[in-house]
Structures are given as structure tokens and as C-alpha cells.
Amino acid sequence: AGETVFVTGGAGAVGSCACQIFLSYGCKVVSCAGSNEKVKWLQDLGIKAFNYKENALDDAFMKFCPKGIDIYWDNVGGEMLETTLAHMNNFGRVVCCGMISQYNKAPKDRYGIKNLFLVVSKRLKLQGFIMSDYNTEQTVAARKELIKLISEGKLKTMETIMNGFEKIPEAFCGLFTGKNLGKMLVKI
């Protein structure tokens, strides 16, 4: 409680859940999204949010996280990860949940983080997060907590629904270009 958390991809299915879970634990939650519609949705949830396409990340951090970032939930990777590392507080934690900005790039074209030395000087902890690492008991406990948050109105979801089997490729590609607000679904 009381820690400052930054979540990238905050209007997506994973990011929006992360934002709201951190908020429910009393953290100050800041997030970014790629459209004003997404930013408004996040703000309506009580999250401090900004449009990363219209605001320089360094300037946004000075405004929303003037005392630095304690926890970074990263869904994007690349340049955003690099910039955020510079704003992390000593002993901060970085949860690497996704690298959406890098998935469709050839290995030689992926962005190389140039300031990883900050992991040492700031004593940061970086760890990958994949749901399949958790056993059945942990998954059941997490589901119970999520159901509780939903029933208390502390976890709200949003869905982008496309209709028709033929929309599957468009929906899939839309995940990589920010076409969804919340979970991307295809109704067949």
C-alpha cells in the first residue's frame, strides 16, 4: 500500500486487471494507453493515466510520478522499458509480463535496452511473469481473489467484440496495434 505503480498497456485485458488489482491494494496507480478513449476509461476507474502518443514519457513521469516508481508492470518492453527504468526508485520491482512492442520484429530489429546498468545501481528486481508457472492451488486462490474484487465492484472489465469467423485474423492483428479496449473477442 502507498507505493507508486506504473502499468503499460493499461487499457488491455492484462494491464487493466493489473491496474485495478494494484489500486485495490492501496497503491498509487499510473498507466498509459494509446488513445484518449482508453485514457478516459482508465481515469474513470480511478487510475491516473496519459496518452503515450501525445505525451513524452519522461514528462508524464515528472507529472504523475514525481517521487519515482516503486513497481513497474511491463506489458510493452522496448523503449518504454528503457525510459521507465530511469524513473525507478531504488529497490524497485519490475514485472515483465509482455513485450508487445517487440513480438513481431526480427531478432536483429528488436530494441536493445541501453540502460540495464540501472538494475545494478538501483538494485532493481526484474522478473518474468507467466501464468503457467503457478500451480492449481495458487490459480484457485487467485480466481477467488479476482471473483471477490469483481463482486465488490473493484475489478471491472471491458471487451472489444468482433463478429464473424472471418474476423479472426483482423482481431488477432488488432491486438498488436492497439485496436482493442479490454479483452479482444471474436463472436462466431
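The values are calculated or read from the model by the stated rules, or taken from the named source; none is laboratory data. Being a predicted model, the structure only gives us computed values, none of them experimental. Here the Cβ is made from the backbone with ideal geometry for all residues, glycine too, and neighbour counts use every protein chain on show. What goes into the accessible areas is simple: the full protein's heavy atoms, side chains included, and nothing from ligands, DNA or RNA. Shrake-Rupley method; radii C 1.70, N 1.55, O 1.52, S 1.80 Å.
The set of residues in the range 28-56 that are crowded, with 19+ Cβ neighbours inside 10 Å and hydrophobic (A, V, I, L, M, F, W, C) comprises Val29, Val30, Cys32, Ala33, Val39, Trp41, Leu42, Leu45, Ile47, Ala49, Phe50.
Of all residues in the range 129-143, those being among the hydrophobic types (A, V, I, L, M, F, W, C) and open to solvent by 90 Å² or more (accessible area, probe 1.4 Å) number 2.
Per-residue answers, yes or no, for (1) exposed (fewer than 12 other Cβ atoms within 10 Å of the Cβ); (2) modelled with pLDDT under 95; (3) over 22 Å from Trp41 (Cα atoms):
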residue	(1), (2), (3)
Tyr103	yes, yes, yes
Asp109	yes, no, yes
Gln127	yes, no, yes
Met158	no, yes, no
Glu166	yes, no, yes
Gly178	no, yes, no
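When the range 65-83 is limited to residues that are in contact (Cβ under 8 Å) with a residue 12 or more places away in the chain and open to solvent by 40 Å² or more (accessible area, probe 1.4 Å), the one that is nearest to Ile100 (Cα to Cα) turns out to be Glu79. On inspection, Ala56 qualifies as without any contact (Cβ under 8 Å) to a residue 24 or more places away in the chain, of a type in the set (A, V, I, L, M, F, W, C) and farther than 20 Å from Phe176 by Cβ. What are the residues in the range 34-46 that are in contact (Cβ under 8 Å) with a residue 40 or more places away in the chain and not polar (S, T, N, Q), if any? Of everything in the range 34-46, those that are in contact (Cβ under 8 Å) with a residue 40 or more places away in the chain and not polar (S, T, N, Q) turn out to be Gly34, Glu37, Lys38, Trp41, Leu45. For the range 129-154, the candidate set comprises residues that are under 30 Å from Ala86 (Cβ atoms) and in a helix (DSSP H, G or I); within that set, the residue that is modelled with the lowest pLDDT is Met131.
Screening the range 91-101 for residues that are closer than 16 Å to Asn180 by Cβ and of a type in the set (Gly, Ala, Ser) and picking the one that is most open to solvent (accessible area, probe 1.4 Å) gives Ser101.
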